[in-house]
Amino acid sequence: MVETITAEMLPNVIGGEHVMCSSGRSLPVTAPLTGEIIAEVPMSDAATLDLAVAAATEAQKEWAARPLKDRVQVFYKMKTIVEDELDHLIEVITRENGKMRDESKGSVLRAVECIEYAASLPQIASGRIQEVSKGVDCRTSRHPVGVVAGITPFNFPFMVPLWMVPMAIGLGNAFVLKPSEQTPLSAIEIARILKESGLPDGIFSVVNGDREIVEAICDHPGISAIGFVGSTRVARTVYERGTATGKRVCALGGAKNHLVVVPDADPEMTATNVVASVVGCAGQRCMAASVLLAVGESDHIVDLIREKMGALVAGRDIGAIINESAYERITGYLDRAEENGATLILDGRDAVADDVPEGGRYLGGCIIDQAQPDHEASRDEIFGPTLTIIRCESLDEAIEIENANPYGNAAAIYTSSGGTAQYFTSKVSAGMVGVNIGVPVPREPFAFGGWNDSSFGGGDITGDSAIDFWSKTKKITSKWSDQDKSNWMS
């Protein structure tokens, strides 16, 4: 049994066993809520990755030979364990990431949905067969890619790996996970749960590390596909480096999500939803509301947003910022807002609970108003509980601003008009679009993934698209009769 690791030096998990890193390098893992060091995470080298890939390669042969229906039995047990240990997993995620407990709970429950979807693979990933001509049929069958890898971010350390892992291993692959070095505890928990669920040793490995191990994954000849979630800069690099060595790569990058508010929007619903979209997970998520495009006479809604966001207190209503450098980067945008011609109408540095631990980093909701589209706060992914407001005279102007930004993860509109909503959703350039929903995350079987500089490699990371990414399709054409010679296939 792989025991829970929550302190001291973390191991890698290779071949079902804890393997300590021999590189000699490590980094401290700091709890964002308190600032205390809760573990040391090893910075693995290419030799450690070689061990994981070798174990995965050997184990994957037997795993791939099992019928799909047999492979997915692991997920029924896994779902039960995750639900039984919900409180424990919430504690691990909250401790290493700094989320509010309800946010940690939501991320686990979303992961459970992904596990459930993978359990349905025998129904949704079965091959097709069709008689295409007299005496001639075509059929398809799915086959694993081989040894695959996932590189995941700090903000959802349990959920994002489980966007990938169940689908990939359910389809017959072996999986090597490189979690964020800032939040590695959840990955060890996933390894433990999979082992307890009956997954054979070697099919799932955890290799901790930093840039060195990411580059090794991109270059390793034994890895056939990579799933990545993180910043656009790194996503582009992983895509280019991984595909240069012949790998499949699905790399999701950053975002600058725009919410459009028109005057006929329901004020209470809009303000409540916009605020939740901005401050949820302390704004540290790629689906966070980042820019509000206020169209026409929308001051009454903007004022209500400011009122509701200003009533929230960091440490009570909003979780912690991941680390000191992230806090300084976020607040730097606040410091420079007025220099750039905008107005800081809500400063979250003034909205922190008195009883937060001294070592934690907390920031309340922040609003930068009267910004221009070319301001840095309008362009950059700030990744904190901040909202930049750009005033627009028309809906077409708002759509033009949204479409001009290089990202394309999410966009949303708040309106009471079906016609306005339909016009917006047909014109906006984003992969995930909301109507009166500021965080339009699709649910299975609908897939998660953006457009433009928010996604590299084509396809999405969850849902039906994931089936195509983590498997190869074989097409078989068979002829069993010479009865009809009326066409070229006969």
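So what is the orientation-averaged projected area of segment 257-435, using the convex hull of its C-alpha atoms, in nm²?
Here the figure is 9.2 nm², rounded to one decimal.
Which of 432, 271, 416 sits farthest toward the positive end of the charge dipole of segment 257-435, with +1 on the Cβ of Lys and Arg and -1 on the Cβ of Asp and Glu?
Towards the positive end, the residue furthest out is 432.
Cα atoms only: what Rg and Dmax, in Å, come out for segment 137-206?
In order Rg, Dmax, the Cα atoms of segment 137-206 give 13.5, 53 Å.
Where nothing but the Cβ of Lys and Arg (+1) and of Asp and Glu (-1) is charged, how large is the charge dipole of segment 352-445 around its Cα centre, in debye to the nearest 20?
Computed charge dipole of segment 352-445: roughly 360 debye.
Compute the signed sum of charges (Lys and Arg +1, Asp and Glu -1) over the other residues within less than 14 Å, Cβ to Cβ, of residue 197.
Result for the local shell: -3.
Let me check I've understood the local charge: for residue 147, count other residues with C-beta under 15 angstrom from its C-beta, Lys and Arg +1, Asp and Glu -1. What total comes out?
Net charge around residue 147: 0.
Choose one of 357, 174, 371: the residue whose Cα lies farthest towards the positive end of the charge dipole of the chain (beta-carbon charges +1 Lys, Arg; -1 Asp, Glu; about the Cα centre).
Farthest towards the positive end: 174.
Could you tell me which residue out of 343, 34, 115 lies farthest along the dipole of the chain toward its positive end? Charges go on the beta carbon: Lys and Arg +1, Asp and Glu -1, centred on the Cα centre.
115
From a point 7 Å beyond the Cα of residue 340 in the direction of its Cβ, which residues of segment 378-410 have a backbone N at a distance under 12 Å?
Within reach of a label on residue 340, which here means backbone N under 12 Å from a point 7 Å along Cα→Cβ, segment 378-410 contributes 378-383, 387-390.
Let me check against my output: what whole-number percent is the relative contact order of segment 257-435, with C-alpha pairs under 8 Å and at least 6 apart?
About 29 percent, as a whole number.
Write out the GluC sites (Glu not before Pro) in segment 342-444 meeting two conditions: DSSP loop, and at most 14 other Cβ atoms within 10 Å of their Cβ.
Passing sites in segment 342-444 are 358, 393.
Let me check I've understood the local charge: for residue 40, count other residues with C-beta under 11 angstrom from its C-beta, Lys and Arg +1, Asp and Glu -1. What total comes out?
-1
Taking 0.36 nm per intervening residue step and subtracting the Cα-Cα distance, what contour gain separates residue 245 from residue 473 on full extension?
Full extension of this stretch gives 80.0 nm more.
Exposure proxy check: 88, 375 ranked by fewest other beta carbons within 10 Å?
Starting with the residue having the fewest Cβ neighbours, the order is 88, 375.
Using only the Cα atoms, what convex hull volume per residue in Å³ does segment 378-490 have?
Value for segment 378-490: 207 Å³ per residue.
Please go through the residue pairs 69/178; 61/474; 134/479; 134/474; 105/178; 79/178 and name each one whose alpha carbons sit more than 20 Å apart in this structure.
From 69/178; 61/474; 134/479; 134/474; 105/178; 79/178, over 20 Å: 69/178; 134/474; 105/178; 79/178.
Using 0.36 nm per residue, how much length does the chain from residue 140 to residue 464 gain when fully extended, once their Cα-Cα distance is taken away?
115.0 nm
Quick check on the exposure proxy: order 63, 480, 451, 470 from fewest to most C-beta atoms within 10 angstrom.
480, 451, 63, 470
Each reported figure results from applying straightforward, stated rules to the coordinates on display, with no laboratory input. This is a predicted model, so every value here is computed, not measured. Here the Cβ is made from the backbone with ideal geometry for all residues, glycine too, and neighbour counts use every protein chain on show.
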